[in-house]
Amino acid sequence: MSVEAPSSMGNASSQKTDFDKDWDGYSVLIDDRKDSPGWAVIREARESHWRELVQLPAGSHILDAGCGNGDYTRLALQDGARVWAFDLSREMVSATERRLAAAGLEAEELQVASVLEIPYPDARFDVVLCFAVIDHVPDERRLDAVRELVRVLKPGGTLYINTPNRYAYTWRAGHWLMRQLGRFPKGKIRWLSPGELQALCIEADCSLGRSLGLELLPPVSGIYTSDLERLTVLPESLISVLDRWYLRVEQRLRRIDGLKPFCFHYFLEATKRD
């Protein structure tokens, strides 16, 4: 495993302004909070979602494109896959390395790179993961990014991709409030509809597969801020009850086709055409 910035990606730093956010600073801000007890219900919801959506053949070669702080890299490794991962933020790559080491896991390679210029050859991977990434890519470059993801997939390989939902009005209102309170890290989220994400995948020469929503509503045991803190005055005994109820309801609601466009995230499985 290596952490490096390859020469072919020498322009990654200059691309950071295209993605509208201080990702290094955001990584430092959230790194400890991601594993905090207050964020446990969010972690459990997202891990159960992973188990429901993602199918990884044992030993398959996986690319985590835009790995962030390594949440999905870790899950893929725990499922027995061989994983390569990159992110535009050097700090996020370092955070991924630390998170994997703490779990006794190791990726094949970690490096600094951009989804707009993926440093791997054509048809390299069985599965590509790209979560919470392309909504940060400027509109005029988004299709380029999806085409890059598909380029490194083997024919018949699977792309798992998501965006925040244009129609997730509850979450959009919450994000607006967090901005007013100064609790939203600097940056822009571009909200897409499920149809827009589907169209991008089709134009990038993929056929569409399963879909799944995530987080129709936030947990009810507190206010969960955009910088990964839980604000609550409730006793732990009540929080535990509310979180168990929330997880049961969340798992049911995210499967309902008519509700998927209103969930915070819309996840799509797409297959590269032979």
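Can you show me the helix-derived [θ] at 222 nm for the chain, built from DSSP H runs with n ≥ 4 at -39,500 (n - 2.57) apiece and divided by the number of residues, rounded to the nearest 500.
Details: 9 runs with 97 residues, N = 274.
The per-residue figure over the chain is -10500 deg cm²/dmol.
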Which of ILE30, ILE62 has the fewest Cβ neighbours within 10 Å, and the rest in rising order: ILE30, ILE62
Mean Cβ count within 10 Å, highest first, over the residues of peptides 200-211, 156-167, 31-42: 156-167, 200-211, 31-42
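By counting other Cβ atoms within 10 Å of each Cβ, how are ARG254, ARG43, ARG51 ranked from fewest to most? Don't skip to the end; give the middle numbers.
Working: ARG254 25, ARG43 13, ARG51 10.
The fewest-first ordering by Cβ neighbours comes to ARG51, ARG43, ARG254.
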Folded to 0 to 90 degrees: helix 40-53 orientation relative to the chain principal axis, Cα: 50
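Taking other Cβ within 10 Å of each residue's Cβ, how do TRP84, TRP191 sort, fewest first? Before the final figure, lay out the partial values.
Values: TRP84 23, TRP191 16.
The order, fewest Cβ neighbours first, is TRP191, TRP84.
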Separation of alpha-carbon centers, region 198-271 and region 73-112, rounded to whole Å: 24
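Dividing the Cα radius of gyration by the Kirkwood radius, what Rg/Rh value follows for the chain? All intermediate terms of the calculation are to be shown ahead of the outcome.
Details: Rg = 17.9 Å, Rh = 19.0 Å.
Across the chain, the Cα-based Rg/Rh ratio is 0.94.
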Projected label distance in nm at ALA58 and GLU117, using a 7 Å step from Cα toward the beta-carbon: 4.0
Cysteines having no other Cys beta carbon under 4.7 Å from their own, within the chain: CYS67, CYS130, CYS263
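FYI, it's all coordinate maths here, none of it is from the lab. Everything numeric in this text was worked out from a predicted model, so none of it was measured. FYI the Cβ positions are ideal-geometry reconstructions off the backbone, even for glycines, and counts take in every protein chain you see.
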